[in-house]
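Have a look at the structure below before the remarks.
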Amino acid sequence: MKVEDVKSSQQAIDLEDKYGAHNYHPLPAVLKKGEGVFVWDVEGKKYYDFLSAYSAVNQGHCHPRIVGAMSKQAGTITLTSRAFHNNVLGVFEKYATEYFNFDKLLPMNTGAEAVETAIKICRKWAYEKKGIAETEAQIVVFENNFHGRTTTIISFSNDEGARKNFGPYTPGFIKIAYDDTASLEKVLSDNKNIAGVLVEPIQGEAGVYTPQDSFIPEVKRLCNENEVLFMADEIQTGIARTGALLAVCGKCNCQGHCERQPTYSRPDLLILGKALSGGAYPVSAVLADDTIMEVIQPGQHGSTFGGNPVAAAVAMEALEVVKDEQLAQNARALGNLFRSELQKYIDQSSIVNLVRGRGLLNAIVINDTEDSSTAWKICMALKENGLLAKPTHGNIIRFAPPLVINKEQLLDCVSIIKNTLKEFEK
Ligand SMILES: *Cc1c(COP(=O)(O)O)cnc(C)c1O
């Protein structure tokens, strides 16, 4: 059977159902083509993409510059392994470290691998630099976190589906309430073996749960005061999504190099993935300064594909596009417009309780129980009306279009969303 033989969405769904593991529950949209903010299904129906592959496609589908960089490199050399050098990796590392203002970068492929990498660096730093007794290091994490799917990462999740029957779990993590500075202060003063704090600046998977503006700066301050590494998982929030280059930039208006801005909470370990490649290829990375990164020596960490020349070429172009097209500024302006337009609707709605988020990472909370199917039904109706979004955590719908969306398109989407919600008002 050939891909060209797939003539209908149902046929594609049936194939996945029969031959694929059932580890996802997708909306029944079978996408065949993407360009900018749009995707098309097998039948040729056109949709606005309001998920952007969980914020991986910030630069828009099939960005010609990113695809161009990828195919050029793919026709030259794709993989050398790190047993040898390649002529692209160092150029990418120089580019990305200057872009984010860190001394060094460690390249991986997926987000979960980058989180694992940060955990390993943090523990090693704790034993070799901070002087914590070996195997005693603890890392503070937060309730309702999402950091990926490896056995260690799900060990500190509190999502039943992600955890149940995957034990025994990796020890060494202390979980406290999110957006609760007092709890963090207490755990840091009660426990002298804490090596780091791993935090999402906005909890994307938990439903775009957006903390108070003071939370991340307080995490940063408490980490500094307690000689603990501040690890920011910006895999979903980073790379212009929240209207700044990084969500830890807070509400500063600059495009990168936020060092000089008072709102910038500089992480000790910055974790990136998803939009680092504009969704073209799996690329992730951890960035840190020398005093931290130097704990990793040859043979102590690695990945066959990490830092391959295609990944390096794609990531460099993807970051360049973010700057050239001013995607952070666009996300900021259109995000404000999106929330204020939806707020007007919500003021007189009985089906939606609230809209929240920052930049173009937003969500609405549906006025129904967490186990209700209302959000799913609304997403099915949105699909009918030409907009793809996915429920997260039962009654929450995330709205995260590619950041290349323009004002006219955004307002068109606002009316699709409003008209769809109207069908559900009681
Ligand atoms: C998506 C995501 C991850 C995991 O990335 P994968 O590439 O799926 O392994 C980790 N952390 C956050 C915040 C994410 O959104």
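To the nearest 20 debye, what charge dipole does the range 323-382 have about its Cα centre, counting +1 at the Cβ of each Lys and Arg and -1 at the Cβ of each Asp and Glu? Let's see the in-between values first.
Numbers: 7 positive and 7 negative charges, 45 e Å.
Once rounded to the nearest 20, the dipole reads 220 debye.
State the Cα centre-to-centre distance between the range 386-418 and the range 141-215 in whole Å.
Distance between centres, Cα-based: 28 Å.
I'd like the antiparallel share, as a percent to the nearest 5, of DSSP beta bridges with both residues in the chain. Could the numbers behind the result be given before it?
On the way: 30 of 46 bridges.
Restricted to the chain, the bridges split so that about 65 percent are antiparallel.
Just to be sure I understand: with springs between alpha-carbon atoms less than 10 Å apart, which residue in H85, H301, H22 has the highest mean-square fluctuation in the Gaussian network model of the chain?
The residue that fluctuates most here is H22.
Once R0 is set to 35 Å, what does the formula 1/(1 + (r/R0)^6) return for the Cβ-Cβ distance between K32 and R163, expressed as a FRET efficiency to the nearest 0.05?
FRET efficiency, K32 to R163: 0.50.
Can you tell which of F156, L105, V283 lies farthest toward the positive end of the dipole of the range 65-324, using +1 and -1 charges on the Cβ of basic and acidic side chains (Lys, Arg; Asp, Glu)?
Of the options given, the answer is V283.
Checking the table K94/K323; K251/K422; K164/K192; K129/K274 against a 22 Å threshold on Cα-Cα, which pairs fail?
Violating the 22 Å limit, Cα to Cα: K251/K422; K164/K192; K129/K274.
Roughly how many debye, to the nearest 20, is the charge dipole of the range 98-142 about its Cα centre, given +1 on each Lys and Arg Cβ, -1 on each Asp and Glu Cβ, and no other charges?
Its charge dipole is roughly 100 debye.
Rounded if a/c is under 1.5, else prolate if a/b beats b/c, else oblate: with a ≥ b ≥ c from the C-alpha gyration tensor eigenvalues square-rooted, which is the range 65-324?
Note, shape of the range 65-324 comes out prolate.
Under a 10 Å cutoff between Cα atoms, tell me which one of Q348, Q59, Q138 has the largest fluctuation in the Gaussian network model of the chain.
Sorting by GNM fluctuation, first place goes to Q348.
By how many nm would the segment from T135 to T76 grow when fully extended, if each residue of separation counts as 0.36 nm and the alpha-carbon distance is taken off?
Stretched out fully, the T135 to T76 stretch lengthens by 16.8 nm.
Taking the dipole about the Cα centre of the chain, with the C-beta of Lys and Arg at +1 and of Asp and Glu at -1, give me whichever of N87, V57, C413 is farthest to the positive side.
About the Cα centre, the residue reaching furthest to the positive side is C413.
Less than 20 Å apart at the alpha-carbon level, and either on another chain or at least 8 residues along: which aspartates and glutamates does that give for K46?
E4, E35, E384, E408, D412
Add +1 for every Lys or Arg and -1 for every Asp or Glu among the other residues with Cβ under 11 Å from the Cβ of A53, and state the total.
Around A53, the charge tally is +1.
Modelled label-to-label distance, S350 and K251, 7 Å Cα→beta-carbon offset: nm?
It works out to 3.5 nm between the two label points.
Per 0.36 nm of contour for each residue apart, how much would the distance between D14 and T150 grow if the chain were fully extended, relative to their Cα-Cα spacing?
Stretched out fully, the D14 to T150 stretch lengthens by 46.1 nm.
Mind checking which of V314, G273, I216 is farthest towards the positive end of the chain's charge dipole, using Cβ charges of +1 (Lys, Arg) and -1 (Asp, Glu) about the Cα centre?
V314
Provide D179, D289, D213, D190 in ascending order of the number of other Cβ atoms located within 10 Å of each residue's Cβ, fewest first. Numbers along the way, then the final one.
On the way: D179 18, D289 15, D213 12, D190 9.
Final ranking by Cβ density, sparse to dense: D190, D213, D289, D179.
Give me the one-decimal nm value for the distance between modelled label points at N385 and K323, 7 Å along each residue's Cα-to-Cβ direction.
For the pair N385/K323, the computed spacing is 4.0 nm.
Could you list L287, L337, L387 in order of exposure, starting from the residue whose Cβ has the fewest other Cβ atoms within 10 Å?
Values: L287 27, L337 14, L387 20.
Final ranking by Cβ density, sparse to dense: L337, L387, L287.
Of M316, M380, M1, how do they rank once you tally other Cβ atoms within 10 Å and put the fewest first?
M1, M380, M316
In percent, how large is the relative contact order of the chain, given Cα pairs closer than 8 Å and 6 or more residues apart?
Relative contact order here is 22 percent.
So for the range 236-332, averaging the separation of alpha carbon pairs under 8 Å that are six or more residues apart and normalising by length, what relative contact order in percent results?
Worked out over the range 236-332, it gives 35 percent.
Please get the size of the charge dipole for the range 65-324, origin at its Cα centre, with Cβ charges of +1 on Lys and Arg and -1 on Asp and Glu, quoted in debye to the nearest 20.
So the dipole magnitude of the range 65-324 works out to roughly 500 debye.
Quote the relative contact order of the range 28-149 in percent (integer), defining contacts as alpha-carbon pairs under 8 Å separated by 6+ residues.
Relative contact order comes out at 12 percent.
Readers should treat all values here as calculations from the given coordinates under stated rules, not as data from a laboratory. All of these numbers come straight from a predicted model, not from anything done at the bench. In this analysis, Cβ positions are derived from the backbone assuming ideal geometry, glycine residues included, and neighbour counts consider all displayed protein chains.
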